[in-house]
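Take a look at the structure set out below.
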Amino acid sequence: MALLEVKNLTKNFGGLTAVGDVNIELGESELVGLIGPNGAGKTTLFNLLTGVYEPSEGTVSLDGKILNGMPTYKIAAAGLSRTFQNIRLFKDLSVLDNVLIAMGTRKKSKLIESFLRLPGYYKQEAEMTKEALELLAIFDLDVKHDSLAKNLPYGEQRRLEIVRALATQPKILFLDEPAAGMNPQETAELTALIKQIQQQFNITILLIEHDMSLVMNVTERIYVLEYGRLIAHGTPDEIKNNKRVIEAYLGGEA
């Protein structure tokens, strides 16, 4: 059984089909790409997988459990986490607080412990703070844990978003154009970071990206969307030589 199974997923907005009859499978510890021209429906698909949108048709299953109809916070707790195309940090909160908020999906304190600030509450807070700092250290952000998120350079804000997603301890991490707005050096560092994340955390990653060198360098398989429908699936070598994919990006006969 696939870790994530997407069957006949469709999303209609009025008379427009933004995503149509999409079937995807992700196995454990895979690093898979999702590419397509602008407007192909990639982010809409991510929104369907993470509960931001409710599918018009089809199902999304994680470990055999159907996620349709679940609120986003329960989907995150179940093991799906994501970053966003446009950075969505809590910019007026500290770097550390951004990570601690993400860990809230895993809190087990009882209401009475939290309300009365009993020893169990403080113990869990201390453990989570230690874990958050250790996670930030992997991404060289621990020295800035007291800084406001909005004061970080752009590349570090991108990394903080990934840290925040990892703080939920996901089974699958969705990265939505993580290299957007980065210079070549930052993109090269991000490429190495994505490989490190997959290996160190042993999780499945689904990556949306327009930087083809990044996609081709890190992914094992690639799905290609055009006008909301899958037009190809295969290894990086198969995809970059696929005439249908080339036509989708360049238009007409390649």
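Derivation of every value follows stated rules applied to the coordinates shown; laboratory data play no part. Given the structure is predicted, the values throughout are model-derived calculations rather than measurements. When we count neighbours, we look across all protein chains shown, and the Cβ atoms used for this are built from the backbone with ideal geometry, even at glycine.
For the range 160-254, give the share of DSSP beta bridges that are antiparallel, in percent and rounded to the nearest 5; count only bridges with both residues there.
Taking every DSSP beta bridge within the range 160-254, about 50 percent pair in antiparallel fashion.
Take Asn12, project a point 7 Å from its Cα along the Cβ direction, then tell me which residues of the range 42-63 have their backbone nitrogen under 14 Å from it.
55-58
Hey, which of these cross-link pairs are over 22 Å Cα-Cα: Lys7/Lys74; Lys74/Lys195; Lys123/Lys171; Lys11/Lys195; Lys91/Lys123?
Lys74/Lys195; Lys123/Lys171; Lys11/Lys195; Lys91/Lys123
For Cα pairs less than 8 Å apart in space and 6+ apart in sequence, what is the mean separation divided by the residue count of the chain, i.e. the relative contact order in percent?
Contact order relative to length: 27 percent.
Quick check: from the Cα gyration tensor, does the range 189-254 come out rounded (a/c under 1.5), prolate or oblate?
Because a/c hits 1.5 or more and a/b exceeds b/c, the range 189-254 counts as prolate.
Under 15 Å Cα to Cα from Lys42, which aspartates and glutamates show up? Leave out anything in the same chain fewer than 8 places away.
Of all the aspartates and glutamates, those that pass the test against Lys42 - Cα under 15 Å, at least 8 places apart if same chain - are Asp21, Asp176, Glu177, Glu209, Asp211, Glu226.
Full-extension gain between Asp142 and Thr129, please, as 0.36 nm times their residue separation minus the C-alpha to C-alpha distance.
That pair, Asp142 and Thr129, stretches by 3.6 nm at full extension.
Using 7 Å Cα-to-Cβ label points, what is the Met212/Asn183 separation (nm, one decimal)?
Placing both labels 7 Å beyond Cα along the Cβ direction yields 2.5 nm.
When 1/r is averaged over all different Cα pairs and the result inverted, which Kirkwood radius in Å belongs to the chain?
In the chain this quantity evaluates to 19.2 Å.
Rg/Rh for the range 13-76: what does it come to with C-alpha atoms and Rh from Kirkwood?
Checking Rg against Rh, the ratio lands at 0.95.
Over the range 1-111, what is the relative contact order in whole percent, taking alpha-carbon pairs under 8 Å and six or more residues apart?
Once divided by the residue count of the range 1-111, the mean separation gives 25 percent.
Can you give the % of DSSP beta bridges in the chain that are antiparallel, to the nearest 5?
So the antiparallel bridges in the chain amount to around 55 percent.
Determine, for each peptide in 162-173, 66-77, the mean count of other beta carbons within 10 angstrom over its residues, then list the peptides with the highest first.
162-173, 66-77
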